[in-house]
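Below you'll find the structure, written out as structure tokens, and then a few comments.
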Amino acid sequence: MTGEVEIFEVGPRDGLQNEARPIAVADKVALVDALSAAGFRRIEVASFVSPKRVPQMAASGEVLARIARAPGVSYAALTPNLQGFEAARVARADEVAIFASASEGFSRANINATIAESLARFGPVAAAARAAGIPVRGYVSCVVACPYDGAVAPAAVARVASALDALGVYEVSLGDTIGRGTPEAVDAMLAAVLDVLPADRLAGHFHDTDGRALANVEAALARGLRVFDAAAGGLGGCPFAPGAAGNVATEALADRLEALGWRTGLDREALARAAGMARALRPGGGGREGP
Ligand code: HMG
Ligand code: MG
């Protein structure tokens with residue numbers, strides 16, 4: 001197959017949020033600016049969550065204020081509640097994301113709410129974003145497995161994806177948060193989700209704990225998905241998903257996609273420079289070793 005596949009760069013948010021060592025705002029801004037030169041259309045750069053829970057993202061407003069905004073690039077932020085949305089709006093995030101889980105255990109650990117409570121909380125965020133003309137993306141975490149509850153039923157993922165759709169998100173990103181998915185499990189999960197949303201409203205978000213993220217991308221490509229989240233340098237992980245390793249590395253994903261004949265539209269030299277900067281932010285290298 002050939003055609004275009006978009007990589008949604010999440011390195012400055014998912015890649016860095018789990019780093020224990022404080023990273024200077026100037027370093028984050030330099031990474032975003034390097035990524036902006038690589039040709040991404042969307043880059044997740046900020047997260048307006050509780051600074052007590054995710055200290056690394058505390059300076060998200062400053063990051064958004066200091067980056068050099070490249071024309072045509074959407075700079076995205078996570079917003080778990082109205083407080084976060086308001087901060088993102090003031091900081092001029094171009095789009096925001098609400099993030100739910102398909103499993104109760106991770107929902108509780110990550111955002112201190114049941115799935116139903118979280119969806120109720122996202123309603124006002126989505127409404128405020130609509131009123132402000134800010135596009136909203138949705139995440140579903142633990143789409144194949146949960147660090148607390150074990151295997152997750154495809155129907156549970158479809159239910160949450162459908163609920164996010166009802167809130168008006170423009171796209172649902174399906175997260176293998178702990179990177180334990182197999183292509184077979186991803187395929188079964190997508191079969192259920194595609195009953196409620198078409199492939200062009202879905203993205204794949206694969207962490208690479210077990211080294212199967214690229215195979216999982218291929219399973220999702222076969223199901224028609226054409227957007228994948230990735231982090232330059234393969235950094236990443238969630239503080240509330242013990243044992244989870246980084247996102248699939250953007251440069252490795254671009255290599256695989258291009259080898260398969262897909263176009264990413266990325267400037268590979270600029271991407272390599274950004275990936276080098278991302279790796280340098282993690283003492284010891286980054287990639288699959290995880291937090
Ligand atoms: P809560 O724990 O229910 O508590 O928050 P609360 O709402 O009662 O607030 C507690 C304190 O947090 C208060 O401060 C609030 O002001 C403050 P205090 O009075 O104690 O000084 N607070 C905030 N501060 C700044 N910005 C805010 C905000 N909201 C409350 N927006 C909440 C619920 C969701 C906020 C909290 O549990 C939280 O921040 N959790 C962190 C979630 C997170 O960032 N997880 C990582 C990102 S998700 C991910 O990585 C998965 C993904 O990559 C996909 C995948 O891989 O699957 C997206
Ligand atoms: Mg993630």
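Give the residue, chosen from 29, 54, 10, 63, that is more than 18 Å from the chain's Cα centre (by Cα), buried (at least 16 other Cβ atoms within 10 Å of the Cβ) and among the hydrophobic types (A, V, I, L, M, F, W, C).
Values: 54 fails: more than 18 Å from the chain's Cα centre (by Cα); 10 fails: more than 18 Å from the chain's Cα centre (by Cα); 63 fails: more than 18 Å from the chain's Cα centre (by Cα).
That would be 29, the only listed residue that is more than 18 Å from the chain's Cα centre (by Cα), buried (at least 16 other Cβ atoms within 10 Å of the Cβ) and among the hydrophobic types (A, V, I, L, M, F, W, C).
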So which of 156, 166, 131 is within 20 Å of residue 219 (Cα to Cα) and over 16 Å from the mean Cα position of the chain (by Cα)?
156
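Working carefully through the options 113, 87, find the one that is farther than 30 Å from residue 152 by Cα and over 17 Å from the mean Cα position of the chain (by Cα).
Numbers: 113 fails: farther than 30 Å from residue 152 by Cα.
One residue alone meets the criteria, 87.
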Whichever residue in region 148-160 is in contact with a strand residue (DSSP E or B) (Cβ under 6 Å, 6 or more places away or on another chain) and not in a helix (DSSP H, G or I) and, among such residues, is surrounded by the fewest Cβ atoms within 10 Å (Cβ to Cβ)
151
Looking only at region 119-147, which residues are more than 16 Å from ligand 2 (Cβ to nearest atom) and assigned to a loop (DSSP other than H, G, I, E, B)?
133, 134, 135
Only one of (1) on the phi < 0 side of the Ramachandran plot; (2) out of contact with any strand residue (DSSP E or B) (no Cβ under 9 Å at 6 or more places or on another chain); (3) away from ligand 2 (no atom under 16 Å from the Cβ) does not apply to residue 53, and that is (3)
If the Cβ limit is 8 Å and pairs must be 6+ apart or interchain, which residue in region 59-72 that is over 18 Å from residue 16 (Cβ atoms) pairs with which residue that is of a type in the set (A, V, I, L, M, F, W, C) and part of a loop (DSSP other than H, G, I, E, B)?
70/37
So residue 220 passes all but one of these: (1) closer than 18 Å to residue 34 by Cα; (2) modelled with pLDDT of 95 or more. Which condition number does it fail?
(1)
List pairs: first in region 1-14 and more than 21 Å from residue 175 (Cα to Cα), second aliphatic (A, V, I, L, M) and surrounded by fewer than 22 Cβ atoms within 10 Å (Cβ to Cβ), Cβ under 8 Å, 6+ apart or cross-chain?
1/221; 1/260
Complete set of residues in region 270-291 that are among the basic types (Lys, Arg), at pLDDT 80 or above and more than 15 Å from residue 9 (Cβ to Cβ):
282
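Could you pull out every one of the helices (runs of 4 or more DSSP H) wholly within region 1-118 that has 1 or more residues that are more than 30 Å from residue 149 (Cα to Cα) and touching a helix residue (DSSP H, G or I) at 6+ places or on another chain (Cβ under 9 Å)?
Values: elements: 25-36, 60-66, 82-90, 104-111.
Helices (runs of 4 or more DSSP H) meeting the threshold: 25-36, 60-66, 82-90.
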Quickly run through region 212-247 and pick out the residues that are within 10 Å of ligand 2 (Cβ to nearest atom) and in a loop (DSSP other than H, G, I, E, B).
236, 237, 238, 241, 244, 246
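Report, by residue number, each residue of region 259-281 that is part of a loop (DSSP other than H, G, I, E, B) and touching a Leu at 6+ places or on another chain (Cβ under 6 Å). Don't jump to the end; show me each part of the working.
If we filter region 259-281 for residues that are part of a loop (DSSP other than H, G, I, E, B), which is where we start, we get 260-261, 264-267, 281.
Residue satisfying the conditions is 264 alone.
In region 199-211, what residues are within 21 Å of residue 97 (Cβ to Cβ), out of contact with any Ser or Thr (no Cβ under 8 Å at 6 or more places or on another chain) and either within 15 Å of ligand 2 (Cβ to nearest atom) or without any contact (Cβ under 8 Å) to a residue 12 or more places away in the chain (or both)?
Scanning region 199-211 gives 206, 208.
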Is it true that some residue in region 173-184 is modelled with pLDDT of 95 or more, closer than 25 Å to residue 11 by Cα, small (Gly, Ala, Ser) and surrounded by fewer than 24 Cβ atoms within 10 Å (Cβ to Cβ)?
no
Candidates 188, 163 - the one that is over 13 Å from residue 143 (Cβ atoms), in a helix (DSSP H, G or I) and touching a helix residue (DSSP H, G or I) at 6+ places or on another chain (Cβ under 7 Å)
163
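The values are calculated or read from the model by the stated rules, or taken from the named source; none is laboratory data. Since this is a predicted model, take the numbers as computed values, not measurements. Because the Cβ atoms are built from the backbone with ideal geometry, glycine has one as well, and the counts that use them run over all protein chains shown.
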